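Let me begin by presenting the structure, written as C-alpha cells, before commenting on it.
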Amino acid sequence: MRWLLSLLLLGYLSAVQALSVAGTRLLVVLEDGAEREKYGAFLGDLEARGFHITTEAPKSDSLSLFKHGERTYDHVVLLPCLAKGLGPALSANVLLDFMKKEGNVLVALSSERSTPAAVQSLLLELDIHIPSDKGALVVDHFNYDSTSAADKHDVLLLPYPTTLKTGVTNYFGGDGLIAVPRAVGQTLGNESPLTAPILRAPCTAYSYNPKDEADSAEDPFATGSQLNIVSAMQAHNSARLTVIGSAEMLQNAWFAEKATLSGKAVKTANRDFAEKVSAWAFKEVGVLKVGKLVHYQDEGVSKKVNTSVAIPENNPKIYRIKSDVTFAVEISEYDKTHYVPFVPPEGDAIQLEFSMLSPFHRLNLRPISQTANSTIFGTSFRTPDQHGIFNFRINYRRPFVTNIDEKRQVTVRHFAHDEWPRSWQISGAWVWIAGVWVTVAGWIAFVAVWLWSAPANTVKKTQ
Amino acid sequence: MRFLLSSFFLAGASTVAAASSWSFEDATLTIQPKGAGVGTGDKVQLVPELPLAKPVSLGTTDTLKLLLTATDGKSAKRPHQAFLTLADRSSGLEDSFVLKVKDNGKGKVELTQKDLPIQFLTSEQPLEASIVIGSFGSSAPLKAKVFELDVTRDPNTPLAVPEKPLRYAVDKEIHHIFKDDPKSPPKIITLVFAAAVTACLPVLLGVWAALGANLSHLTKAMSNAPIPHALFFGSILAMEGIFFMYYTSWNLFQTLPAAAIVAVVAFLSGGRALSEVQERRLAGLR
C-alpha cells in the first residue's frame, strides 16, 4: 500500500513539471519538413506547453510505437500524408494496441488527401464513420467565409461548441469563430457511449463530394448537426482519440486569419481552439484523480478526513447490518499545470453505490469540503438489512473526463447474539416473562411446603 | 441555441442579399391517404414568408408530398442544396430530406412515417418543417419555416421502439427499502394477560392454604437439622438467583461454575435435609 502511495506522490511531483498527466513524449507523423512548416505554430505551441515532439515520416524505418512491449510515445498525432498507406508501424491494430496501453491519438483528416486505410479501419473500429470516397467535404451555404470561399462555400466559420448536454463539462468553449476549411465530416454510431462530438456542423451544412458530377446534392453522406467536424472517443482505460475533420484548421495559415462571415470581418480563433482540443486530447484537462477514500461507522461524532497520503486509509473491514456509515472520497481534477478541486458540472453528481451484485444504495455525494487541490465528497447512509460481501463503489463515467472506478470491499455481518433487543424491551414477551417468574416463585413455595408443612388438622379429622 | 444561431445567420444572410437570393414558388404540400389516386388529398399552398397557421397532420399510412420550384432571384434555377428539414424542438433532433430537383428548378420530395426516425414518431409536439435552399456562388441561401408537421399515430398499432442506447450520465438514486421491524401486540392486551398469569400465583398459594398447606414444622426442622435445611433451601434460592443473573448479565462461562458449586451443595445438603423429612414421616408427623 505504501509503495503505491509513494508512487502516486512521485507521479504527482513529475506531473507538476510536465503539462500532461499522461506524459510528454509526442510523435507527429507527417511527410517532410515542408509539411512541418505548415503546422509550425501548432507544434510550437505544443512544445511550449512542455511536449517533446518527435517528427517521423509514415514509412520511416525508425518509426515504432512500441519498444520491448512498452510504448515509446505517450501521444501520437497523425497528420494527412500524400502516401496512401501509413506503413506497418502504424497499422490500425498497432494504433489500437497503443490506445490499449493508454496512449492518446489525434487524427487530422483532409479532404484533399485520401485517408489511409489504417486510419479508416481504426475509426470504423471505434464506431466513427467518415465518407469512404476521397474528396468528400462539408459545405454550408449559410456560414461560410466569403473571403476565401466566396464561391465554393467549403470554409465554414463556426462558433465555439456549447455544452454537449446538461451534466457535461464543456472543455472547448470560447469566444470567436473557428474556420473549418474543407473538412471531412464524421458521424458517430449510436450504440457507443464512448464517442462524443466536440464540434458539430451547423444545421444547414451537408457533406458531399465535389467530384460527383451531379448538379445537386442528391445523396449527401450526412446533413446538419449529425455531421461532426471534430469528434472524440475515450476508451474504458481513458485513452483518448480525437478526430479533427480538417487538418487545415491546425495550419498556420488559419490560426489568426481574417475572414468574412455574412459581410462582417472576423478573425479566426483557430489557435485557441486547437489548443483546447489538443489539451483535451493529450490529457492536460479533464483528468480526474481519486485521493483518499474513507468510510467509517458513524457514532454521532463527525471525523475530519485526513487527506495526507502518508496516512493509510485504514478503513474497517466489517460492518453490521443497519448501522450508520459515513463515506468520504477526495477527487481532484488536473487543469493544465496542477490539480484543482473537482467540481461536477450542473446537473451531474458523483454517485456512491453500496452493492452486492446489484446496488442496494446509490447515493449522490455532496461536496463536504475542499483542500488546496481536491474536493472531498461524502454522504452518510445506513447499511441495508442484508448480510453479505458488499462494495463501496464509485463508478464515474462521463463524456470528456477520465473514468473513475473505485471499489472497497467490506463484509456486512448479521446482528451478533448479544446485539438484539433484550426480551423485557419487547412488550409482547411480558406475558411469557411473567409466566417464568410465577413458575419460579411457585417452585420455591412448593419446596418450602414440601419440606416444612405439618399435617393439616382437617385431614386428620377425616381419617 | 441552435435555433438562435440559425436565425442569426438567417438575419445575416438576408442583409447580404445584395445580388440575388434563393427562394421558392408554386410550393404545394399534399397529404395523400393510402390508396387514394394521384392528385387527390388535401393540397396546401406554401409561401416562404409565412408558415402555415395550423399543423399539418401525417397519419400512419399517409404520404406527404412536397412540390416546389426553386428560384434564384426571379428565375427558376436548380440549387445544389434543397432540403426539407424536420426538427423536434423538445429533443433538438433534426433530420433533412433531400428534394429531387430537376434542371428547371422543380423539386419534389415524398415522405411517409416509415422514413422518419423513431424520435419523430414519438414526439409530443408537432415537428417544425423548414425548407432549406442554397447553392454555391453569391446568392443568399434560404431557410424558411413553412409548416408544422403533426405525426399522428394509430394507437392500435404498436411501435417497435428500440432500446435506448447506453449513455454515461448521472443515474437514478436508489435508497434501500428496509424490512419492517417486528411488531408487538398492543400493550394493554399484553398487560391484561401478564396480570392474569401473575394472578395465578396467589390463586395457587390460596388453594394450597385452603387444602391445609403450612410451614408449621419449620422450627422443628431447623432444630433437628439446621445446617442441611438452611443450605438446601438456600441453594435452591441461589440456583434461581444464578438463573436470574444469567438472564440479565452473566454469560454461560460465569453461570456454569456457579451452578456446579450450588448443585453440589444442594446434593449434599439435600440428602441430609430429606433424611430429616423422612424421619418426621416415619414418626407419623406427615
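What the table below lists for this structure:
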item: Pick from region A:336-356, criterion surrounded by fewer than 17 Cβ atoms within 10 Å (Cβ to Cβ) and assigned to a strand (DSSP E or B), ranking: farthest from the other protein chains (Cβ to nearest Cβ); result: A:HIS338
item: From B:PHE147, B:PHE83, residue being among the hydrophobic types (A, V, I, L, M, F, W, C), in contact (Cβ under 8 Å) with a residue 12 or more places away in the chain and within 14 Å of another protein chain (Cβ to nearest Cβ); result: B:PHE83
item: Answer residue from region B:98-134, given it is facing chain A (nearest Cβ under 9 Å) and free of Cβ contacts under 8 Å to residues at least 24 places away in the same chain and is surrounded by the most Cβ atoms within 10 Å (Cβ to Cβ) among those; result: B:VAL98
item: All positions within region A:66-86 that are crowded, with 19+ Cβ neighbours inside 10 Å and in a loop (DSSP other than H, G, I, E, B); result: A:TYR73, A:ASP74, A:LEU79, A:PRO80, A:CYS81, A:LEU86
item: Region A:428-463, subset modelled with pLDDT under 90 and polar (S, T, N, Q), residue farthest from B:VAL277 (Cα to Cα); result: A:THR462
item: Condition met for A:ALA179 (in contact (Cβ under 8 Å) with a residue 40 or more places away in the chain, in a strand (DSSP E or B) and in contact with a helix residue (DSSP H, G or I) (Cβ under 7 Å, 6 or more places away or on another chain)); result: yes
item: Unmet criterion (only one of (1) facing chain A (nearest Cβ under 8 Å); (2) within 60 Å of the chain's Cα centre (by Cα)) for B:VAL192; result: (1)
item: In region A:391-442, the residues that are within 8 Å of another protein chain (Cβ to nearest Cβ), closer than 28 Å to A:PHE360 by Cα and not in a strand (DSSP E or B); result: A:PRO399
item: Condition met for A:GLY224 (surrounded by 15 or more Cβ atoms within 10 Å (Cβ to Cβ) and without any contact (Cβ under 8 Å) to a residue 60 or more places away in the chain); result: yes
item: Meets criteria (farther than 26 Å from A:ASP212 by Cβ and more than 10 Å from chain A (Cβ to nearest Cβ)) for B:LEU66; result: no
item: Positions within region A:357-380 being of a type outside the set (D, E, K, R) and either at positive phi or within 8 Å of chain B (Cβ to nearest Cβ) (or both), in sequence order; result: A:LEU357, A:PRO359, A:PHE360, A:HIS361, A:LEU363, A:ASN364
item: Options B:LYS34, B:LYS43; residue that is in the same structural domain as B:PHE120 (by TED's automatic domain parsing), without any contact (Cβ under 8 Å) to a residue 24 or more places away in the chain and in contact with a strand residue (DSSP E or B) (Cβ under 9 Å, 6 or more places away or on another chain); result: B:LYS43
item: Unmet criterion (only one of (1) touching a helix residue (DSSP H, G or I) at 6+ places or on another chain (Cβ under 7 Å); (2) surrounded by 24 or more Cβ atoms within 10 Å (Cβ to Cβ)) for A:GLU125; result: (2)
item: Filter result for A:ALA247 (aliphatic (A, V, I, L, M), more than 30 Å from A:LEU95 (Cα to Cα) and either in the same structural domain as A:ALA201 (by TED's automatic domain parsing) or without any contact (Cβ under 8 Å) to a residue 12 or more places away in the chain (or both)); result: no
item: Some residue of region B:150-169 being more than 7 Å from chain A (Cβ to nearest Cβ), at pLDDT below 90 and within 30 Å of B:TRP22 (Cα to Cα); result: yes
item: Total residues in region A:230-266, condition in a strand (DSSP E or B) and either modelled with pLDDT of 90 or more or among the hydroxyl-bearing types (Ser, Thr, Tyr) (or both); result: 11
item: Residues being buried (at least 16 other Cβ atoms within 10 Å of the Cβ) and within 20 Å of the chain's Cα centre (by Cα) - total across region A:357-415; result: 24
item: Residue pairs meeting the criteria (Cβ under 7 Å; at least 6 apart or on separate chains; first of a type in the set (S, T, N, Q), in region A:336-353; second outside any loop (DSSP other than H, G, I, E, B)); result: A:GLN351/A:ARG362; A:GLN351/A:LEU363; A:GLN351/A:ASN364
item: Helices (runs of 4 or more DSSP H) fully within region B:177-252 counting 3 or more residues that are exposed (fewer than 13 other Cβ atoms within 10 Å of the Cβ) and touching a Ser or Thr at 6+ places or on another chain (Cβ under 6 Å); result: none
item: Filter result for the condition that a residue is surrounded by 22 or more Cβ atoms within 10 Å (Cβ to Cβ) and touching a residue at least 24 places away in the same chain (Cβ under 8 Å), over A:ARG271, A:ARG240; result: A:ARG240
item: Residue in region B:248-267 that is farther than 20 Å from A:ALA454 by Cβ, touching a residue at least 12 places away in the same chain (Cβ under 8 Å) and within 11 Å of another protein chain (Cβ to nearest Cβ) present; result: yes
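The values are calculated or read from the model by the stated rules, or taken from the named source; none is laboratory data. Source: prediction; values computed, not measured. Here the Cβ is made from the backbone with ideal geometry for all residues, glycine too, and neighbour counts use every protein chain on show.
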